1. Keeping all protein chains in the complex and leaving out DNA, RNA and ligands, what accessible area do you get for Leu4 with a 1.4 Å probe, in Å² to the nearest 10?
2. Please work out how much length the chain gains when fully extended from Arg97 to Gln48, using 0.36 nm per residue of separation minus the C-alpha to C-alpha distance, in nm with one decimal.
3. Relative to the present Cα-Cα distance, how much length would full extension add between Leu90 and Ser19 at 0.36 nm per residue of separation?
4. Can you figure out the FRET efficiency of Leu4 with Tyr31, using R₀ = 25 Å and their beta-carbon distance, to the nearest 0.05?
5. Please sort 49-60, 85-96, 19-30 by packing, taking for each peptide the average over its residues of neighbouring beta carbons within 10 angstrom, highest first.
Amino acid sequence: SVKLARILLVGPVGAGKSSFYNSINSVFKGYVSMQANTGTAGTSLTTQFRTYYIKPGSGVSHVPFTLCDSMGLEEGLSTGLDVDDFASILKGHIQDRYQ
């Protein structure tokens, strides 16, 4: 009955959440895609909550899920993903590019 599943990518800084999205997107497009910002740093490179819709290439008409990328989990105040935002994210109340 679910037409479009939302998959939330959560993990510590450097776990590869954005890289995972790029890999999945590349598979469906049929070529290497680097839509999400990736790399290494001491803090999260992803600074906004992002909803990525998979746009399939030839041969695939519809992808029944989206991937939601989040900031990394970090220790300290005002760093990384705020644990209080989890409930809002899971309920769909956080908009794309929420910072």
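The values are calculated or read from the model by the stated rules, or taken from the named source; none is laboratory data. Being a predicted model, the structure only gives us computed values, none of them experimental. Glycine gets a Cβ as well: all are built from the backbone with ideal geometry, and neighbour counts include every protein chain shown. Just so you know, the surface numbers come from the protein's heavy atoms only, side chains and all, with ligands and any DNA or RNA stripped out. Shrake-Rupley method; radii C 1.70, N 1.55, O 1.52, S 1.80 Å.
1. Leu4 has an accessible surface of roughly 80 Å² with all protein chains in place.
2. Values: separation 49, 0.36 × 49 = 17.64 nm, distance 0.50 nm.
Residue separation times 0.36 nm, minus the Cα-Cα distance, leaves 17.1 nm.
3. Details: separation 71, 0.36 × 71 = 25.56 nm, distance 2.16 nm.
This chain segment gains 23.4 nm when fully extended.
4. Details: r = 24 Å, r/R0 = 0.96.
Efficiency at R0 = 25 Å is approximately 0.55.
5. Working: 49-60: 14.3, 85-96: 12.3, 19-30: 16.8.
Highest-to-lowest ranking by the protection proxy: 19-30, 49-60, 85-96.
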